[in-house]
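Engineer: Before I ask anything, let me first share the structure, which is written out below as structure tokens.
The values are calculated or read from the model by the stated rules, or taken from the named source; none is laboratory data. Remember, it's a predicted structure, so these values are computed and weren't measured experimentally. Neighbour counts run over all protein chains shown; Cβ positions are idealised from the backbone, glycine included.
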């Protein structure tokens, strides 16, 4: 199985997760990850690797109020039929590469988050069936989130509210 996730850059909390088969493509997972995150968090910088580089992904992040920092593949041109976002970001990428890369390198937080999950909850999967494997992976992500929320409460003074008034009734 392959885990695709989106996380915060300060707390490393996983904001959205998708699990696919081992050979699942990355780019199609971007839309559900971003949409789920945008329902509960305000998007700002959204760095991602080249596997997620597509016009629809750039436009989605922009539409939801974020700024995508996804490098372009080497054979890419600024020519984009009917995509002003693609053209603008391509020019920004070409003309302000250092500034772009400063934002893009926040993407290393995703690697840190994956390392945190694997090191704390073991990278080995013990389940045998596909459903059980997915559940085990999701449990590891859930446990990771509980740990980082508790850590953020103490270190960053974040007030974690888990239920609204309607949930108490």
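Engineer: Find the residue count for segment 54-92, including only residues that are over 26 Å from residue 36 (Cα atoms) and in contact with a strand residue (DSSP E or B) (Cβ under 9 Å, 6 or more places away or on another chain).
Structural biologist: Number satisfying all stated conditions: 0.
Engineer: Further question on the same structure: What number of residues within segment 39-67 satisfy the criterion of being free of Cβ contacts under 8 Å to residues at least 60 places away in the same chain, crowded, with 18+ Cβ neighbours inside 10 Å and within 25 Å of residue 1 (Cα to Cα)?
Structural biologist: Total satisfying the criteria: 5.
Engineer: Any idea how many residues of segment 14-38 are at pLDDT below 95 and either assigned to a loop (DSSP other than H, G, I, E, B) or out of contact with any helix residue (DSSP H, G or I) (no Cβ under 7 Å at 6 or more places or on another chain) (or both)?
Structural biologist: 8
Engineer: Here's another thing I want to ask about it. Hey, any hits in segment 68-84 for a residue that's in contact (Cβ under 8 Å) with a residue 24 or more places away in the chain, surrounded by 16 or more Cβ atoms within 10 Å (Cβ to Cβ) and under 23 Å from residue 151 (Cα atoms)?
Structural biologist: For segment 68-84, residues in contact (Cβ under 8 Å) with a residue 24 or more places away in the chain, surrounded by 16 or more Cβ atoms within 10 Å (Cβ to Cβ) and under 23 Å from residue 151 (Cα atoms): absent.
Engineer: Checking the condition touching a residue at least 40 places away in the same chain (Cβ under 8 Å), in a loop (DSSP other than H, G, I, E, B) and more than 19 Å from residue 46 (Cβ to Cβ), which residue from 133, 125 passes?
Structural biologist: 125
Engineer: Considering segment 121-140 alone, what residues qualify as being exposed (fewer than 12 other Cβ atoms within 10 Å of the Cβ) and farther than 18 Å from residue 18 by Cβ?
Structural biologist: Answer for segment 121-140, where residues must be exposed (fewer than 12 other Cβ atoms within 10 Å of the Cβ) and farther than 18 Å from residue 18 by Cβ: 122, 123, 124, 126, 128, 129.
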